[in-house]
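Peer 1: Pasting a structure here, questions to come.
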Amino acid sequence: QVQLAESGGGLVQAGGSLRLSCAASGRTFSTYTMGWFRQAPGKEREFVAAIHWSGGNTRYADSAKGRFTISRDNSKKTLYLQMSSLKPEDTAIYYCAGAPTGWGPYNYWGQGTQVTVSS
């Protein structure tokens, strides 16, 4: 089985930065599209960013453009989300996910890591 484990969440002040990591098990990580999603209390889960297996193509939600950067290191089987200029509305549980083909569907999900941004 493929397993994903997020880390790097925490409590930060508005305007601060965090880098989230997602460590993957297995031997097929390098061929998967990977994405970040988030869910705030009382809201539906929403897309944040995604990156193609090659690392050359990325997609971002409007809320993330200019502030967040998604990247991956296939040799380390690790996905990253660098978050800057954080806002209170970024507060959510952040999940990483993997899609065997294309930009989805995402079949593999981590347990999530909490990000809290104080004002």
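The values are calculated or read from the model by the stated rules, or taken from the named source; none is laboratory data. This one's a predicted model, so the numbers in the text were calculated from it and none came from an experiment. Side chains included, ligands, DNA and RNA excluded: accessible areas come from the protein's heavy atoms. Shrake-Rupley method; radii C 1.70, N 1.55, O 1.52, S 1.80 Å.
Peer 1: Condition (residue is modelled with pLDDT under 95 and small (G, A, S)) applied to segment 76-92: is it met by at least one residue?
Peer 2: For segment 76-92, residues modelled with pLDDT under 95 and small (G, A, S): absent.
Peer 1: Let me ask something else about it. Could you check segment 15-119 for strands (runs of 3 or more DSSP E) lying wholly inside it with 2 or more residues that are open to solvent by 40 Å² or more (accessible area, probe 1.4 Å)?
Peer 2: Numbers: elements: 18-24, 33-39, 46-51, 58-60, 68-73, 78-83, 92-99, 113-118.
Counting at least 2 such residues, we get 18-24, 46-51, 58-60, 68-73, 113-118.
Peer 1: While we're looking at this one, here's another question. Which condition from (1) of a type in the set (G, A, S); (2) within 14 Å of the chain's Cα centre (by Cα); (3) at pLDDT 95 or above is the one that A24 breaks?
Peer 2: Failed condition: (3).
Peer 1: Same structure, new question: Could you count how many residues in segment 1-14 are assigned to a loop (DSSP other than H, G, I, E, B) and of a type outside the set (G, A, S)? Break it down into steps so the answer makes sense when it comes.
Peer 2: Of the residues in segment 1-14, the ones assigned to a loop (DSSP other than H, G, I, E, B) are 1-3, 8-9, 14.
Still in the list and also of a type outside the set (G, A, S): 1-3.
Adding up the residues that qualify gives 3.
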